[in-house]
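Values quoted throughout were computed directly from the atomic coordinates according to the rules given, and no laboratory measurement underlies them. What you see is a predicted model, and the numbers here were worked out from it, not measured in a lab. Cβ: placed from backbone, ideal geometry, glycine included. Neighbour counts: every protein chain shown.
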Amino acid sequence: MANADMQRPKARPLSPHLQIYSPLINMVMSIVHRITGAALYVGTLLLAWWLVAIASGPDYFAYVNGIMGSPLGLIVLLGYSWALLHHMIGGIRHLIWDTGRGFDLASVDRLSWGTIILSLALTVMLWIWGLSMRGGI
Amino acid sequence: MSTTLRPTPSPTEARIRTPLAKARGLGSAKSGTDHFWLQRVTAVSNFVLVVVVLLQIARLAGADYATVKTAMKSPLLSLPLLLLVLSGMVHMRLGMQTIIEDYFHSEGRKVLLLMLNTFFVILVGLTCVYAVAKLSFGA
């Protein structure tokens with residue numbers, strides 16, 4: 001009897017999963033930090049592809065440049081640049097926390113909101129600046 | 001023949017650990033805070049290098065081939081770019097390792113993914129290095 005019970009353990013209550021909690025800004029920023037990190041990981045393929053294209057010569061560069069300059073390509077690059085800036089600013093937040101500072105709830109919320117606001121603002125600024133320079137180095 | 005055997009030390013006495021092992025402070029895991037520390041070091045170097053590289057690459061948006069190639073030949077771009085690739089390789093490998101260890105609990109799948117992680121990082125990283133080196137030194 002005891003053995004049979006042990007083989008089929010009763011369904012125990014699990015600790016709450018992610019979807020149980022109402023989203024808090026610091027929790028969302030924590031998740032987004034990991035997602036942007038993973039996206040940047042895969043996105044290094046874009047950098048490698050672009051560098052190989054330049055090294056391969058004008059024909060292949062024109063082909064790759066055409067894809068990256070297409071509407072879909074620009075959306076991907078826009079997302080990639082935002083992910084990079086967001087992960088960088090989120091990283092600074094973590095470095096601040098590493099010093100033991102900013103752990104009171106008000107600071108946690110302020111740092112988290114600051115991360116998303118600053119990352120969006122810097123992405124817009126980067127693109128306005130980059131597009132205004134368009135080819136005119 | 002009267003050899004007195006030393007009594008088995010209790011775990012709290014920890015007499016089995018040599019002074020050297022104690023000094024190294026790594027325990028049975030054979031690694032300490034390396035992962036944490038290296039992730040921080042490369043976070044800082046990545047930050048500086050991304051700023052330097054991004055400001056130059058963003059200006060190349062829509063530029064023609066000759067302009068891009070000339071820019072890539074400049075050590076002011078290629079050197080920080082190579083440093084960023086190296087620093088980024090370490091950082092992204094550690095980060096993905098954490099993600100894999102968090103979500104994959106079956107030992108076989110975890111070990112396989114950790115290997116693929118290393119392969120991916122080296123493949124992408126050295127591809128970038130090769131391309132930049134070719135542009136810097138070659139045709």
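Its Kirkwood hydrodynamic radius, worked out from the mean inverse distance over all distinct Cα pairs, puts chain A at 18.6 Å.
For B:Lys110, a cut-off of 20 angstrom between C-alpha atoms picks up these lysines, skipping any fewer than 8 places away in its own chain: B:Lys30. Computed from Cα positions, the angle between helix B:75-103 and the longest principal axis of chain B comes to roughly 40 degrees.
Only alpha carbons enter this Debye calculation for the range B:1-136, each as an equal point scatterer, and the log10 of I(q)/I(0) it gives at q = 0.15, 0.22 Å⁻¹ is -0.90, -1.27. Of the residues B:Leu55, B:Leu5, B:Leu114, the one whose Cα sits farthest toward the positive end of the charge dipole of chain B, with +1 on the Cβ of Lys and Arg and -1 on the Cβ of Asp and Glu, is B:Leu5.
Only Lys, Arg, Asp and Glu count, each charged at its Cβ (+1, +1, -1, -1), so figure out the dipole size of the protein assembly as shown about its Cα centre, rounded to 20 debye. Present the calculation step by step, with values, prior to reporting the outcome.
Numbers: 22 positive and 11 negative charges, 132 e Å.
For the protein assembly as shown, the charge dipole is close to 640 debye.
Under the shape rule built on the C-alpha gyration tensor, where the axes satisfy a ≥ b ≥ c, the range A:53-104 is oblate, since a/c reaches at least 1.5 while a/b does not exceed b/c.
Ordered by the count of other Cβ atoms within 10 Å of each Cβ, fewest first, A:His87, B:His105 give B:His105, A:His87. Build a GNM of chain B with springs between Cα atoms under 10 Å apart, and of B:Met92, B:Met72, B:Met115 the one that fluctuates most is B:Met115.
Rounded, prolate or oblate: which fits the protein assembly as shown when a ≥ b ≥ c are the square roots of the eigenvalues of the alpha-carbon gyration tensor, with rounded for a/c under 1.5 and prolate only if a/b beats b/c? Prolate, since a/c reaches 1.5 and a/b exceeds b/c. Placing unit charges on the Cβ atoms of the charged side chains and taking the dipole of chain A about its Cα centre, the candidate lying farthest along the positive direction among A:His94, A:Leu18, A:Phe61 is A:Leu18. Connecting C-alpha atoms closer than 10 Å in a GNM of chain A, tell me which of A:Pro16, A:Pro71, A:Pro58 has the biggest fluctuation. Answer for the Gaussian network model of chain A: A:Pro16. A Gaussian network model of chain B, with springs between Cα atoms under 10 Å, assigns the largest mean-square fluctuation among B:Ser78, B:Ser31, B:Ser45 to B:Ser31. Within the range A:76-99, name every residue whose backbone N is under 12 Å away from a label modeled 7 Å from Cα of A:Leu131 along the Cβ vector. Hits in the range A:76-99 for A:Leu131 at 12 Å: A:78. Here B:Lys73 is the anchor, and the aspartates and glutamates within straight C-alpha reach of less than 19 Å, apart from those fewer than 8 places off in the same chain, are A:Asp59, B:Asp64. Computed from label points 7 Å out along Cα-Cβ, the spacing between B:Ser31 and A:Ser15 is 2.3 nm. Within chain A, helices built from complete DSSP H runs that reach 30 Å or longer along their own axis (Cα positions) and carry a mean Kyte-Doolittle hydropathy of 0.5 or higher are A:25-56, A:71-98, A:105-133.
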